[in-house]
Amino acid sequence: MRTRPMSKNAAVATVPFVSALLLAAVSIFPQPTSAQNSASVEKSAKPERKVSSEELEKAYLQLPEAKLPTPRTTDGHPDLSGFYYNPLDISVKRAADGNIYYAFGETRTDGPPPRYPDPVEPSYKPEYAAKVKGILERSYGTTSQEDPNFDCTPSGVPRASTGPMQIVQTPKMIVILYESNFIGQTFRIIYTDGQPHPKDLDTSYMGDSVGHWEGNTLVVDVVGLDDSTWLGGAQGHTEPAAFGEGKNHQIIEKSALIHSDQEHVVERYTRHGNMLVYEATVEDPVMFTKPWVLTPRHLFLRNDRFLETFCTPSSTDKTHMVNPSQQDQFHEGEERFHTPDGKTK
């Protein structure tokens, strides 16, 4: 588990602490002790001004990490190999009664941050939109007991590629090893030797992946995904600070949840220097009214090691989750974690 040990003098957390933790916990990937966000660029976005997706992407490509030379393999393709991860900022506060408020990703900056674009949410057909709304109403913030990750279920695609991962690239296949302190270790093999998907394919958590290169981008076609995973949800994804504000920020598609076994994903992996850009388009003719184009992810190459992780029903701490009161329940259009002035609800 990638986290700093708590001081032995820290008070034991009680129920109010657990409630606060679950409300603020927007990711399952705590910050490693060795990982630091080295992004530092001149502030080009005015605080409190909502930037466009185009401005944001341009800012990422101007980061020092993205401007480094992109290594290549002997066959001329960009070398995607390496460990990619963005640390999540952590806020720890001790109350007068001894309770400790431990929040993942709550504070994005010491001052008013630029307002990042809202993430793109899937467009569900009415009957499935109602199911998603029901899950959100039973959730505490975006943390839900119904999240399959809390039962050690692998994340599926595209959800898996939003956290710590080790990529191993060979001429005929690319292996992605996923590290998570909740679901344990899992992996995918992306075949790049020209073979098609099997005709008698059985569905599975991670499906079947075949890839090819389009210029400097690895394009991956994923089929055979079963319906037992979620598309996203509470874990969210930690993005690097794009405008020199000094702290990372979160992307959370809170409505990106259920999907059918007809899910089809096309992924795009592009390396710019030491920054990996991950894009995905998800089709689900059963549940969606149109394809869902995932908000792009940006992950930095880290000089760090892939850690052994494991998962048991007790390690996810699912038994300590609390159900929301009427006051805490999700309301359509509500910003659960960050209001426009940067304060936390």
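Just so you know, in region 186-233 the residues that are among the charged types (D, E, K, R) and in a strand (DSSP E or B) include one that is nearest to the chain's Cα centre (by Cα), and it is R188. Please determine, by comparing only the residues of region 237-258 that are open to solvent by less than 10 Å² (accessible area, probe 1.4 Å) and small (G, A, S), which one is nearest to the chain's Cα centre (by Cα). Applying the filter and picking the extreme gives A256. In region 53-93, which residue that is open to solvent by 50 Å² or more (accessible area, probe 1.4 Å) and of a type in the set (A, V, I, L, M) is farthest from I189 (Cα to Cα)? Looking at residues that are open to solvent by 50 Å² or more (accessible area, probe 1.4 Å) and of a type in the set (A, V, I, L, M), I get V92.
Any idea which of (1) more than 21 Å from M275 (Cα to Cα); (2) modelled with pLDDT of 95 or more; (3) of a type in the set (A, V, I, L, M, F, W, C) is the one V219 doesn't satisfy? That leaves (1) as the condition not met.
Looking only at region 178-196, decide whether some residue is open to solvent by 50 Å² or more (accessible area, probe 1.4 Å), acidic (D, E) and either within 18 Å of S255 (Cβ to Cβ) or without any contact (Cβ under 8 Å) to a residue 12 or more places away in the chain (or both). No, that holds for no residue. Checking each residue in region 47-63 for being in contact (Cβ under 8 Å) with a residue 60 or more places away in the chain and assigned to a loop (DSSP other than H, G, I, E, B) picks out P47, E48, R49, V51, S52, L63. Can you confirm whether F306 is within 19 Å of the chain's Cα centre (by Cα), at pLDDT below 65 and open to solvent by less than 80 Å² (accessible area, probe 1.4 Å)? The answer is no for F306.
This table checks each residue for (1) at pLDDT below 85; (2) of a type in the set (A, V, I, L, M, F, W, C).
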| residue | (1), (2) |
| --- | --- |
| H259 | no, no |
| H272 | no, no |
| A280 | no, yes |
| T295 | no, no |
| L301 | no, yes |
| Q326 | yes, no |
| E335 | yes, no |
| P340 | yes, no |
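Scanning region 119-171 for residues that are over 26 Å from L88 (Cα atoms) and in contact with a Lys or Arg (Cβ under 6 Å, 6 or more places away or on another chain) yields one hit, S123. Checking D261 against (1) open to solvent by 40 Å² or more (accessible area, probe 1.4 Å); (2) under 17 Å from the mean Cα position of the chain (by Cα): exactly one of these is not met. Which one? It fails just one condition, (2).
In region 154-177, the qualifying residues are those that are assigned to a loop (DSSP other than H, G, I, E, B) and open to solvent by 20 Å² or more (accessible area, probe 1.4 Å), and the one that is farthest from T270 (Cα to Cα) is P154.
Residue-level analysis places M206 among those that are open to solvent by less than 30 Å² (accessible area, probe 1.4 Å), more than 20 Å from R302 (Cβ to Cβ) and in contact with a Ser or Thr (Cβ under 9 Å, 6 or more places away or on another chain).
The values are calculated or read from the model by the stated rules, or taken from the named source; none is laboratory data. Computed from a predicted model, the values in this text were never measured in an experiment. Heads up, the Cβs are rebuilt from the backbone with ideal geometry, glycines too, and the neighbour counts pull from every protein chain shown. The accessibility values were calculated without ligands, DNA or RNA, using every heavy atom of the protein model including side chains. Shrake-Rupley method; radii C 1.70, N 1.55, O 1.52, S 1.80 Å.
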